[in-house]
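One structure is given here, and the rest of the page talks about it.
The values are calculated or read from the model by the stated rules, or taken from the named source; none is laboratory data. All figures in this text were calculated on a predicted structure; none of them were measured in a lab. Glycine also receives a Cβ, built like all others from the backbone with ideal geometry; neighbour counts cover every protein chain displayed. These accessible areas exclude ligands, DNA and RNA; they are computed on the full protein's heavy atoms, side chains included. Shrake-Rupley method; radii C 1.70, N 1.55, O 1.52, S 1.80 Å.
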Amino acid sequence: MRAAITIWHKHMTKLRLHPEEAVGLLIQPIMWVVLFGVGMRGLIGQGMGIEEEAYMAFMVPGIIALTALGAAIAGGVVWLSERLQGIVKEYLVAPIARLSILVGNAMSIVTKSVFQAVIIFIVGALMGAQVSLNPLGWLGGLVLVAGYGAGFAGIALAGASKSNDIGAYHMLIFLFNLPLLFLSNALYPLEMLPRWMEIGARLNPTSYVVDGLRQMVFENGAELAGGETLSLGLCFVVVAAFAVLGMGAAYMVFRKTVQ
Amino acid sequence: MPAPTLLYSSAGFSYDDIMNENNHSESVIIAEGLVKRYSKDVLAVDGVDIVIPANIVYALLGPNGAGKTTMISMLTTLIEPTAGSARVKGFDVVRRADEVRKRIGVTFQEMILDEELTGRQVLDFHGRLYGQPKAKRRAKIAELLALVELEDAADRRCATYSGGMKRRLELARGLMTEPEVLFLDEPTLGLDPQNRVSIWEYVRNLKADLGLSLLFTTHYMEEAEQMADRVGIIDHGRIVVEGSPRALVDQMGEDTIRILGRGDSRAFVETLQALPFVETVVEGESVIQLGVDSGSKRLAEVVTLANTDGFTIDDISVAKPSLGDVFLKYTGRQLRDK
């Protein structure tokens, strides 16, 4: 754990020394909410027959999930470039658990995701989404984002442990990225989907983090997801399982690179 | 596989001396039948046995692709051997990797630095990775920055460092956790001659001050000759000969005559082999090399014999033998500096 924290701290130090990246982390979610959100709420809000503010609350959790995906992919690139540059060798000859190297990287990714999620909550609220005032709801929401971030960080780190160039990595990640976003309830309510897509969405952890966020962080986001929402307990279980599976996958792939 | 030749020198450092001196303490590195196969066609290390006694500087000398880096990678627990075993400080590199890792310092062939960080930060994060307490880190950083003369640059980003400065910082990082065994993989690769010399000066001081054991790889024969107490010449994944640089060079005769020429070399080589003053004859790809008792005295004789045998000499030179000549003798190829 000490080693994981050291690696995490090193990443955060580098982030601080790189104001461009920090600004990017800040600006990117704002742009998503403002540009994508405003455009969509006009179009879809009316189509669904709901108020624009309500659609905002419906959609912001989806943007959070999407941004967490982006953070994981970027974190995978950090790991891949550390591997290709050989910086990973410094960790590998140190007396630290192999898993802690991955955990340190995942912690960096999760930190960035949670930071971005907070920004999106705030911007979303400013754009008219009604935010819950219950601090426990916020805390629960951030826990869900962290778990989801860790799970996808695991997938990204597994991909980055296996590929040997940035292009191959992006191709691999792209295959996960799109279905995880679109085959979910992030952009449209579950009940509006055709049967096969609904099944896909129910198998997708993104649906659970998005639904959980709607229930806990936004006043009326959940109602808009249709009459039936996923149970909150189930959301936490699925996201936790996703986090464990993702990190497990990363560990398995990473172990092989040592042989 | 053929057993590597062990050479004992009559003068100075001998293998027996070293072994006797260290009988009480165990050898630092012991490798037995070490093999690394990357794929069906790529056999990087092909059965290496080495025993490295404590407190000496050992050089693995060989051309690029000989298996030097793979050897270091296995001994430093970066990769697992395909077969055979190795122990560092008595600990198996696979089963007790963590114990090995606690006791070693490594610098890699490539420059591996977080360029965004300052020199001081690089050393500090490294110490933290090993769980060094803060006070210890601070003291160690001050000491090492002084050793590698980077005090003035310590708070600048590494990206602004020259190649030589980066190497020095890496050396300091390798020493940060007070290793008992230091591995340096091609420590002077890509450095200009001036920086090469200064890196070796630091290493020389280290050895005197700390008495640590050191294994380095190089393809510069002068470095091995000057810095190492023992040299293992490695080619195609095998140690072809091992000994003190002095003993290795001494067996080549007093002087070396190097002949480049054209024509039927076979008859000429046979003639040379029959001569009493010729101690060794090595025929390389384009060069014939003789170890003789006295180069300047025998030069004329050799030229006359070449004429008799119908061999045209393009170039002939006399030199003191070097490890390069030893390499040629055991591999039939020249070890080039480039």
Positions within region B:44-71 being within 12 Å of the chain's Cα centre (by Cα), of a type in the set (A, V, I, L, M) and part of a strand (DSSP E or B), in sequence order: B:Val57, B:Ala59, B:Leu60, B:Leu61
Scan region B:105-125 for residues that are within 30 Å of B:Ile52 (Cα to Cα) and more than 7 Å from chain A (Cβ to nearest Cβ) and report the count. 6
Of the candidates B:Gly261, B:Gly232, the one satisfying the condition of being in a strand (DSSP E or B), small (Gly, Ala, Ser) and more than 30 Å from B:Asn205 (Cβ to Cβ) is B:Gly261
Residue by residue through region A:72-96, note down the ones that are among the aliphatic types (A, V, I, L, M), away from chain B (no Cβ under 14 Å) and open to solvent by less than 10 Å² (accessible area, probe 1.4 Å). A:Ala72, A:Leu80
What's the total number of residues in region A:116-150 that are part of a helix (DSSP H, G or I) and either open to solvent by 10 Å² or more (accessible area, probe 1.4 Å) or under 16 Å from A:Leu234 (Cα atoms) (or both)? 21
Per the list (1) out of contact with any Phe, Trp or Tyr (no Cβ under 9 Å at 6 or more places or on another chain); (2) open to solvent by less than 10 Å² (accessible area, probe 1.4 Å); (3) closer than 21 Å to A:Val88 by Cβ, residue check on B:Ala66 breaks on (3)
Just checking, does region B:132-142 include any residue being in a loop (DSSP other than H, G, I, E, B), within 11 Å of chain A (Cβ to nearest Cβ) and more than 21 Å from A:Ile5 (Cα to Cα)? no
